[in-house]
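S.K.: Right, I'll just put the structure down here and ask away after.
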Amino acid sequence: MAYGSTIAAISTPSGKGGVAIIRVSGDDALRIAASVFFPKNKSSLLDASPRMQIYGDIISRGEYIDDGMATFFRAPFSYTGENTVEISCHGGILVSRAVLEALLVAGAMPAEAGEFTKRAFINGKLSLTEAEAIGNLLDAKSREQMKLSALTSRERLSSHIEKIRTALTELLSSIFARIDYPDEDLGDFTNEESVERLFNIKEAIESLLATYPTGRAISEGIPTVICGKTNVGKSTLYNAILGEDAAIVTDIEGTTRDVLTREVPLGRVMLRLSDTAGVRGYEMADAVEKIGIERTRVAISASELIIAVFDSSRAADAEDRELISLLSQANGAKIAVLNKCDCERRFDSGILGDVFSDVIEICAKSNEVAAVGALKRMVEGLFTDEKITVGEQAVISSARQNAALSRARDFVNAAILAFQSGEYQDAAASEVERALGAIAEIDGRSVSEEVVSDIFSKFCVGK
């Protein structure tokens with residue numbers, strides 16, 4: 001990206017609406033906007049007061065396009081940290097595109113995906129952690145995801161990371177002072193005090209790392225598969241969790257032939273939920289069903305949560321035992337669901353053995369609310385920490401953050417060992433420097449262009 005250029009994009013969704021907003025950002029934003037926006041009071045937009053909305057006409061090469069409002073934000077007091085103009089016009093597809101085209105003709109460049117937020121990051125308006133959270137907020141599909149990415153959550157996480165960075169910086173300064181002037185008794189901390197501070201820093205890092213399983217379950221979601229024999233109620237349960245008839249349900253065995261996958265919140269946890277073809281002997285399946293069964297096996301092996309459905313109204317048979325044997329070799333957490341509990345119980349749960357983390361009895365068809373509620377409580381218990389309140393404390397949610405913090409913890413441990421083993425302070429200083437570098441990767445103070453580009457490539461154009 002050429003960061004000296006001025007960019008423009010439509011920042012509201014495409015379609016018919018009351019208002020569309022076109023954003024212009026860069027050194028030349030005001031001049032470019034002033035060449036197409038003409039205030040009704042006959043003044044020039046160049047004379048506009050910052051953060052004051054002005055009503056006027058939008059005209060390009062002598063052709064009237066629309067009337068609307070323009071607001072100028074002077075650098076650095078804007079979202080991007082650059083001169084920015086936002087033009088609001090009527091929310092039609094053609095009219096908003098016409099306004100954007102007028103700005104491009106006047107000299108603006110089309111913004112790339114996430115370029116406004118990337119400029120905010122480069123100009124120091126946002127840390128990389130905050131920018132990631134904004135991207136997650138745009139994609140949020142649950143209230144927990146919204147809370148995890150909200151401003152208060154971003155601020156708490158940034159504050160926690162900044163405290164760790166400051167503590168490491170102060171400690172490193174003290175160690176260097178003692179190394180450079182060994183006879184002057186300089187440095188704020190003795191070796192014993194340095195070790196104590198390192199343990200405090202380690203505790204602060206580990207408290208953040210402990211939030212990752214919960215943050216990941218909420219943000220990225222858990223790959224989950226519903227499996228079982230044919231006609232045990234898998235698709236009925238799948239529909240109940242989704243809250244809609246996404247899968248066809250009939251009394252005919254083998255109705256589901258392929259893997260159906262959707263993202264759906266279940267309580268605090270986001271599930272990447274797959275409904276699968278019934279697992280049964282190949283000799284009973286036709287060619288298409290055999291493909292579905294193979295895909296079911298692949299989905300089971302790739303899932304972190306396996307919901308195995310059994311028909312409690314039928315006695316266990318060889319196919320049930322084969323499925324349990326298959327699941328005993330899978331790595332994911334496993335929940336056994338005994339469906340159709342409103343019927344006479346014939347299924348012997350003793351055959352489940354110790355393969356499953358939990359066993360619940362439900363009736364997915366006649367009592368969807370109770371069935372989903374029971375499953376929700378069980379899944380939340382497996383993948384989230386009830387002591388963590390999203391929105392009220394710092395929570396990490398990305399693999400990148402978790403990896404950087406894990407490296408920082410390892411370097412801090414190495415620094416502690418260097419002190420405790422009586423090695424030269426240079427060794428401890430080197431490990432603290434590495435820990436500081438790992439922390440700097442989290443907020444973007446030290447991170448590769450490849451990582452930054454990957455993060456912002458997931459944003460939409462206009463943000």
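The values are calculated or read from the model by the stated rules, or taken from the named source; none is laboratory data. Source: prediction; values computed, not measured. Please note: Cβ atoms are built from the backbone with ideal geometry, for glycine as well, and neighbour counts cover all protein chains shown.
S.K.: Taking the condition of being part of a helix (DSSP H, G or I), in contact (Cβ under 8 Å) with a residue 40 or more places away in the chain and either on the phi > 0 side of the Ramachandran plot or not basic (Lys, Arg) (or both), how many residues in segment 134-148 meet it?
M.R.: 7
S.K.: Need at least 1 residues that are surrounded by fewer than 21 Cβ atoms within 10 Å (Cβ to Cβ) and without any contact (Cβ under 8 Å) to a residue 40 or more places away in the chain per element, so show me which strands (runs of 3 or more DSSP E) inside segment 1-48 make the cut, counting only ones lying wholly within it.
M.R.: On the way: elements: 7-10, 17-25, 37-39.
Filter on segment 1-48 gives 37-39.
S.K.: Now for a different question. How do the pairs read when you match residues in segment 53-68 that are within 15 Å of Val85 (Cα to Cα) with residues anywhere that are polar (S, T, N, Q) and not in a loop (DSSP other than H, G, I, E, B), using Cβ under 9 Å and keeping only pairs 6 or more apart or on different chains?
M.R.: Qualifying pairs under 9 Å: Gln53/Thr71; Gln53/Ser88; Ile54/Thr71; Gly68/Ser88.
S.K.: Report every pair of residues separated by at least 6 positions or lying on different chains whose Cβ atoms are under 9 Å apart, first residue within segment 425-446 and in contact (Cβ under 8 Å) with a residue 40 or more places away in the chain, second of a type in the set (Lys, Arg) and in a loop (DSSP other than H, G, I, E, B).
M.R.: Close Cβ pairs (under 9 Å, with a partner that is of a type in the set (Lys, Arg) and in a loop (DSSP other than H, G, I, E, B)) amount to Ile439/Arg445.
S.K.: For Ala150, are the conditions met, namely being assigned by TED's automatic domain parsing to the domain that holds Phe199, of a type in the set (A, V, I, L, M) and at pLDDT 90 or above?
M.R.: Details: assigned by TED's automatic domain parsing to the domain that holds Phe199: yes; of a type in the set (A, V, I, L, M): yes; at pLDDT 90 or above: no.
No; evaluated as a whole, the condition is false for this residue.
S.K.: Considering only segment 307-322, I want to know if a residue exists there that is within 21 Å of Leu375 (Cβ to Cβ), under 39 Å from the mean Cα position of the chain (by Cα) and small (Gly, Ala, Ser).
M.R.: The answer is yes, given that some residue of segment 307-322 is within 21 Å of Leu375 (Cβ to Cβ), under 39 Å from the mean Cα position of the chain (by Cα) and small (Gly, Ala, Ser).
S.K.: Does Leu168 satisfy being hydrophobic (A, V, I, L, M, F, W, C), in a helix (DSSP H, G or I) and modelled with pLDDT of 90 or more? Before the answer, list the steps.
M.R.: Working: hydrophobic (A, V, I, L, M, F, W, C): yes; in a helix (DSSP H, G or I): yes; modelled with pLDDT of 90 or more: yes.
Yes.
S.K.: Could you check Asp311 against (1) over 27 Å from Glu380 (Cα atoms); (2) at pLDDT 85 or above; (3) among the acidic types (Asp, Glu) and say which number it fails?
M.R.: All conditions are met except number (1).
S.K.: Looking at segment 9-46, which of its residues are farther than 21 Å from Gly114 by Cα and either among the polar types (S, T, N, Q) or touching an Asp or Glu at 6+ places or on another chain (Cβ under 8 Å) (or both)?
M.R.: Ser35, Phe37, Phe38, Lys40, Asn41, Ser43, Ser44
S.K.: Whether any residue in segment 49-68 is touching a Lys or Arg at 6+ places or on another chain (Cβ under 7 Å), in the same structural domain as Glu101 (by TED's automatic domain parsing) and outside any strand (DSSP E or B) is what I want to check.
M.R.: Yes; the residues of segment 49-68 include at least one that is touching a Lys or Arg at 6+ places or on another chain (Cβ under 7 Å), in the same structural domain as Glu101 (by TED's automatic domain parsing) and outside any strand (DSSP E or B).
S.K.: Continuing with this model, one more query. Applying the selection to segment 96-126, what residues are surrounded by 20 or more Cβ atoms within 10 Å (Cβ to Cβ), in a helix (DSSP H, G or I) and in contact with a strand residue (DSSP E or B) (Cβ under 7 Å, 6 or more places away or on another chain)?
M.R.: Listed by number, the residues that qualify are Ser96, Val99, Leu100, Ala102, Leu103, Glu115, Phe116, Arg119.
S.K.: How many residues, within segment 17-51, are in contact with a Gly (Cβ under 6 Å, 6 or more places away or on another chain) and within 17 Å of Ser96 (Cα to Cα)?
M.R.: Keep residues of segment 17-51 that are in contact with a Gly (Cβ under 6 Å, 6 or more places away or on another chain), which gives 17-20, 32, 37-40.
Within this subset, residues satisfying the condition of being within 17 Å of Ser96 (Cα to Cα) are 17-20, 32, 37-38.
So the answer is 7.
S.K.: Out of the helices (runs of 4 or more DSSP H) lying entirely within segment 354-463, which hold 1 or more residues that are modelled with pLDDT under 80?
M.R.: Values: elements: 368-383, 399-420, 425-443, 449-456.
Passing ranges, in order: 368-383, 425-443, 449-456.
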